[in-house]
Each structure stands twice: as C-alpha cells, then as structure tokens.
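> Below is one structure. I have some questions about it.
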2 protein chains.
Amino acid sequence: MKKVLVLGAGQLARMMQLAGTPLNLDIKAFDVRSGKVVLPIAPHHAYGDLAEGIANADVITAEFEHVAHDVLAECERSGKLYPTSESIKIGGDRRLEKSLLESCNAANAKHHFVNTKEDFDAAISKLSLPIIFKSALEGYDGKGQWRLKSMEQAEQVWLEMAEFISASTTQVKQGIIAERMVPFDREVSLVGVRRVNGDVAVYPLTENHHTNGILSVSLAAPVHSTLQEQAGKVFKALTDKLNYVGVMAIEFFQVGDELLVNEIAPRVHNSGHWTQQGADTCQFENHLRAICDLPLGSTALVRPTAMINIIGEDTIPDNVIAIPSVSLHWYNKSKRAGRKMGHINVSGDTEQQLAERLLALSVYLDEKAFPDLAEFALSLIHI
Amino acid sequence: MKKVLVLGAGQLARMMQLAGTPLNLDIKAFDVRSGKVVLPIAPHHAYGDLAEGIANADVITAEFEHVAHDVLAECERSGKLYPTSESIKIGGDRRLEKSLLESCNAANAKHHFVNTKEDFDAAISKLSLPIIFKSALEGYDGKGQWRLKSMEQAEQVWLEMAEFISASTTQVKQGIIAERMVPFDREVSLVGVRRVNGDVAVYPLTENHHTNGILSVSLAAPVHSTLQEQAGKVFKALTDKLNYVGVMAIEFFQVGDELLVNEIAPRVHNSGHWTQQGADTCQFENHLRAICDLPLGSTALVRPTAMINIIGEDTIPDNVIAIPSVSLHWYNKSKRAGRKMGHINVSGDTEQQLAERLLALSVYLDEKAFPDLAEFALSLIHI
C-alpha cells in the first residue's frame, strides 16, 4: 500500500483521498497552518509533524503552489517530491512562469516586469493601454490585480502597487507583471497529466466563466480539434521542459483561433473538477497514478459535463440533487464570503440536455450566490 | 453535518464513506469484531464503543444482514435505525424471506421448510428432484447448501444437513429451506432504493455470473422493458410492505420471460457496484440519501458497464488500469482464498466496446483467478 503525503490539507487533498482510497493508496496531508499531518477527510486526529510525514511517505505532492520554500526543500531532499519544487514554484511566481513560457515559445500576452516607477512607465509605453498589472506572488482569485485603462488612473495605480509591494512579507521579493489586456473571446483551460516516463494524457479543453474574478462555471464538451491540438502541444512542451510529473492545468485566453497562455497551475485544478463525473478517469486519480508511477487513465469525455462552484454558501436547496446526474461535492469548510465551499457537477447525454439541467439548477439556486448561471444555461440552449 | 453510523466496517461501509463524504456526511462504522467505532477507510483509530457510536449518530444503518440481534435492538431503541431491524433480519433468515415473498405474492421457487427427517421426506415428495437445500441462516456465497439430484444421495445429504443443523450456534434456531432447482436461463438482480416518504427509484436490471458460488461478473446494459417493469413491481411491493428505507437488492432467476425471486439483500449489494461508474448516482450515495431523507438521485444508466470481482488476489497487473474506463476498487483487506478483495468497473460507449474492453481485461488478468471472464467477454461480442 503506497503512502502519499499531500502538502496542504484543503479540498484538493480531500478529493485526492477520495480518489486514491479505491486504489489502496494511503493519503495523508500536511496542514501548513497546524503543522500536523492529518487525514484530509477527517482532520481532527493528528499523525505527527512534517518530518514524520516525510519519513512515512513513499511519495509527496502538493495541492497548492504557495508552499513555504523551506518545506519544499525539506521534501525534495527526501527524493519523494512530485512534481519538483522548481515546477511548484513556477506556479507561485508569475515571473518564473513567464520565463518558462518564453523558453518554450508558448504564445502568451505581451508583458513587462515591474519593480520600480521606471519599469511602470516603460511597461506603459511598451504595451500600450489597457494594461493589467498582477502581483508576481500569491495572487489568485482576482486578488493583487490592478487594471489601467486610461492615463488619468496611472498615478493612483502606481501608488497602490508600490504600497502593495512594500507591504508584502513574502519570502521571495514581491514584484509586478504588466500584461497587455487581451480582448479575448473566451477563457479555456487544459488539464493534463504526465507520468515519470514521459507519457502524457490531456482532458478535453474546458470553457471557464468567472464571476468577480473567481471561477464560477466550467464546461466540458466536445471541442474544436485544432484548439485541442494547439493546447496539447503547449502542455507537452511545458511539461517536457520541466520533466513534470503529475497533473498540470494551463489557462488560456482564446483570441479567434489562437490560444494565449494566461497562467499555469502545477497541480489538480478547479477547472478539472468536472472530470469526477465527466471523464473516464478523474484528475485526482490521474495525478495519483502519475506520481505513483502507474499507467495513466483515459482522459476521454464520457458526456458533456459542467461544474458550478459553490462560493460563500454552506447550504443549497435539496431540490438541486433531485435533478438527474447532479453530483454535489462539499469541502466541509466553515462559511466565509467569497470562499469556495464546494461544487456541483452536472452532465447530459447531449449539450442540449445539459443546458436544460443547468437551467433547472439556476431556478433552484439563489441568484445572489449564482448570479451568472441562468444566463450561461440559456446561452447553451439552441432553440 | 449529518452523522451516520454503519453496522459493519467492511468494504460496503468503506464505499459508503467514499460516497457520503462529498455530501458532507460524517460516516463512521461499528466494527463488530473489535466492538469499536472506526472510520471505514482508516480503521486504526477508534472513536469509542457502540453506545457512544449510537449516541453520536443521527442515523444508523447496516452493511450486512447478520448483525447480532441485541445490537440491532439497541440501535432500534434509539429511533435512528434505517432500514428497520425487521427488514435487516429478513435478509438474514430465508424463512422470513420466503414468508415476505408469499405475503407479497412475489413469484419464487416452490419450497418447503425442513427441520426434521419427516420435513425432508415431505419436501422431496412435494417438490420432486432436483432440489437445492439451503440453510436458513448465515448462508451466503455458496456456503451451507446441498444439491439433491438423485434419491441415492438422499441419506447422505440428510445426514450432512442434520449434522449442520445440530452444530449451528446461531442465536436463532437454524433450519433448512428446500427449493425446487429451477432450470433458469440467467440470474439477474435489481438494486433499488426507497425513501422515508415512499419515493422509489430502481437501477436497470443487472445480469450476474457466478463462479464457484461467488458473484464474479455483473453486467448493466439497456434491458428488456417487460422484465424491468416486472422487477420494479416486485421491488415496490416488498419495500412498501416493509416500509423499507434505503437500498435493497433482489436477486432473480429468469425463466423465459418470468422472474422468480431467489433472494433479497436489505443493503447495498455487490451486484450494484457497477453504479459507481455506470449510473447517474451510485447505490452507496442513494442509500445515504434515502436514510438521511434527502431526494433520491437518478438511477439512469450512463453507459453499458460491467463489474468484475477480484477474489482471493491482492495484486493485478498494472496494464489493467491502462484500459480506458477501467476503474479499480480495492477494499484494503488481507489476502485470503475466496475472499472478495476488490472489484473492477469497466464501461463502453456501446455494448460492443464494453465487450472489447472486457476481452482486453481477460488477457491481462490471471485466468486462474478470473476463470470465466474471457468466455463472458466473447459471449458479448457480436461478429
């Protein structure tokens, strides 16, 4: 029975445990806040500290990219960490990410690194407005971002950013990436997996919708083969370059028929949660297969499937789970505004049937908590 | 967060925990051997004894029908037990089972109760040979059964049975049911679920194959609507009569276009394991929904799916999980001949594709451990 230690004890570790238990994998998680090793699905009982967790594990992985660098270093020294600390750090620092993309010739938005007022001015003249500025570290779910649409805002934006940089207490020095805002048609992401021997498997591209900067809905359905091929090539290039092992997600902006990489996540990803019901093998199982050096599972789409995030709510009406194919996934977290509390997967034999079920969902769910769902469902219905 | 206590800490409780955790259900199990309450998927840490388990639970259920009657009584007194102890006991005593079937006019094999030599002789003249004798209690997976095909064996069979009855140490008095051996075409089973309010949902009929008296393969595919309707009526009659709550499985002999009830299991059932990958909602989740008084989930078939039991083996070749749609479910049990150690689910977009995948499986799996798989796969392939 192989033993896996996950760095981080949140919902991704929890879903790894649910997916790995049937494979007789013993999944434990290192809770970075308590410093204890726990069972992700029943974290009230502790199984020692990090050193014990590392010693007892056969394989170590991470559920998030902002793991303290000393923890990553300690894990890497054991020779059990997959993917490497280099890969994990890339997901946590947009500067490293951009350098990787450049080194692999992966198309991405024109950008400029900003540390000083001079860099800021240079970014504006190089990229031209509108520009989005993103913190290099710890930025996710829309935090640490500034949009500059006219020069009148420039002074204010720079002051806020300078304040943000100087207030940062990150281990690595904080910085800013300026990116030309791309007028994209939609956001899509590719979740894929790579095994130690270089085998790669990628899931169908997922279309993603955000509400207030947080992913609200992902849709997996049969996709344009050219786009799928393009995304697959980027996945292979990036993961080969890193000698990557495990699941990685790549978020793209689609501009016409072209995909620009927005960001990469060196881990299982929210936009891949639909795979629990919609794919031959879910992303959590495939991540575990990869890091345990087992054959990868098929990533084929079983049927059109959507994932809806439950944000800031800890109950939903019972009627929702009476809708055929609805699968509810709570994370057992205490309620907090803006927090990802769980998600709903729903499938259909056809996209039309899926759209009808999404519309039914939108009727039962509180519009305040799920503001864009009805519109999204209607956009899929072909009359 | 609703708390569920399962009587029995085997693979069925384990799979209930895996299915219930995403619903934020807290699943614990009472291990009848150790007398302790444990987490089914991580049973090394104890959470108190039965009394504490009952006190802490909101709902109590059972994963097997041979629970000691005093334990059932203690649970029932708490008002939290679903289904009732009466229903659970029926699954553990063929005499009660037959009486239920008769009271519901559910077609079943002609039979006679045997306690004495006089009953034995009467059974032979009433039923005529061949007859199968089954112990009333604790008989499962082919144990406690005798076949009488010619009168020359009668004396020997009776001596063995009389010895068996007198050696039995069961709480309730042991007995024998004589049944006319039905020359059936195939064995099928219906897994269904009933909620407190009387709502009922049934899965598609499953075709079952046994090897040495133990279920080896179950196949779920679109079925004959007349048979499905017939089975559904029996399910409704039996569960309404018992005011049953939870999943129940009914095994049938198919004789021409008629279904005869063979036996019932008042619990989630091996022939319903395919629902984990092949149905909109799996049997474990639907059982939990029912006993927690939540809306039942759709029982629709997603695509043709088969379940193959892993018996007496604790490893299988890695190649197996490379076959698309193969999902492996280990129970984390120590190896023992004849023991159910895990199962494999495999699906196909069509029955033909499923058959091809089953054939591939049979190539990789050891023929000694899976003796009938290749033949079964070939029988499904239409050339």
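Bear in mind these aren't lab numbers, they're just calculated from the coordinates by the rules spelled out. Nothing here was measured: the structure is a model prediction, and the numbers come from that model. Cβ atoms come from the backbone with ideal geometry, glycine included; neighbour counts cover every protein chain shown.
> Which far-off residues, 5 or more places away or on another chain, put their amide H under 5 Å from the one on residue A:109, with H placed in the peptide plane?
The answer is A:261.
> Now for a different question. Rounded, prolate or oblate: which one fits the stretch A:73-132, using the alpha carbon gyration tensor with axes a ≥ b ≥ c (rounded when a/c is under 1.5, else prolate when a/b beats b/c, else oblate)?
In terms of gyration-tensor shape, prolate.
> Label residue A:224 and residue B:255 with points 7 Å out from Cα along Cα→Cβ: what is the distance between them in nm?
Reported label-point gap for residue A:224 and residue B:255 is 6.3 nm.
> Another question, then. Nearest 0.05, what FRET efficiency do residue B:34 and residue B:96 give at R0 = 35 Å with Cβ-Cβ as r? Could the numbers behind the result be given before it?
Details: r = 29 Å, r/R0 = 0.82.
That gives a FRET efficiency of 0.75.
> Taking the DSSP beta bridges in the protein assembly as shown as the whole, what percent of them are antiparallel, to the nearest 5?
Antiparallel bridges: around 85 percent, rounded to the nearest 5.
> Taking other Cβ within 10 Å of each residue's Cβ, how do B:18, B:100 sort, fewest first?
In order of increasing Cβ crowding within 10 Å: B:100, B:18.
> Ok, one more. How much of the DSSP bridge set in chain A is antiparallel, in percent, rounded to the nearest 5?
85
> Restricting attention to the stretch A:1-66, which trypsin sites (Lys or Arg not before Pro) occupy a DSSP loop and are surrounded by at most 14 other Cβ atoms within 10 Å?
Numbers: sites: A:2, A:3, A:14, A:28, A:33, A:36; in loops: A:2, A:33.
Passing sites in the stretch A:1-66 are A:33.
> So, R0 is 35 Å and r is the distance between the beta-carbons of residue A:243 and residue A:46; what FRET efficiency does that work out to, to 0.05?
Taking R0 as 35 Å, the efficiency between residue A:243 and residue A:46 is 0.55.
> Residue-wise, which Karplus ³J(HN,Hα) couplings in Hz belong to the stretch B:332-347, taking 6.51 cos²θ - 1.76 cosθ + 1.60, θ = phi - 60°, and x for glycine or proline?
6, 10, 6, 5, 7, 4, x, 8, 6, 9, x, 8, 10, 9, 9, 10
> Here's something else I'd like to know. Other chains near B:275-282: what is the mean number of their Cβ atoms within 10 Å of each residue's Cβ?
Mean partner-chain Cβ count within 10 Å for B:275-282: 2.
> Okay, next question. So for the stretch A:3-81: antiparallel DSSP bridges make up what percent, rounded to the nearest 5?
35
> Taking the label point as lying 7 angstrom from Cα along the Cα-to-Cβ axis, what are the distances from residue A:257 to the corresponding position in the remaining copies, in ascending order and in nanometres?
Ordered by distance, the counterparts are at 5.7 nm.
> Between residue B:162 and residue A:318, how high is the FRET efficiency from 1/(1 + (r/R0)^6) when r is the Cβ-Cβ distance and R₀ = 56 Å? Nearest 0.05.
0.55
> Another question, if that's okay. Which one, B:327, B:347, B:87, has the greatest fluctuation when you compute a Gaussian network model over chain B with C-alpha springs under 10 angstrom?
B:327
> Along the charge dipole of the protein assembly as shown, Cβ charges K/R +1 and D/E -1, which of A:354, B:169, A:35 sits furthest on the positive end?
A:35
> Let me know the mean shielding of A:297-304 by other chains, meaning the per-residue number of their Cβ atoms within 10 Å of its Cβ.
For peptide A:297-304, the averaged partner shielding equals 3.
> Hey, another quick one. Per the helix-only calculation at 222 nm, which mean residue ellipticity applies to chain A, given -39500 (n - 2.57) for every DSSP H run of n ≥ 4 and division by its residues, nearest 500 deg cm²/dmol?
Calculated from helices alone, the mean residue ellipticity at 222 nm is -9500 deg cm²/dmol.
> Along Cα→Cβ, 7 Å out, is where each label goes; now give me the distance between the ones at residue B:155 and residue B:379 in nm to one decimal.
3.8
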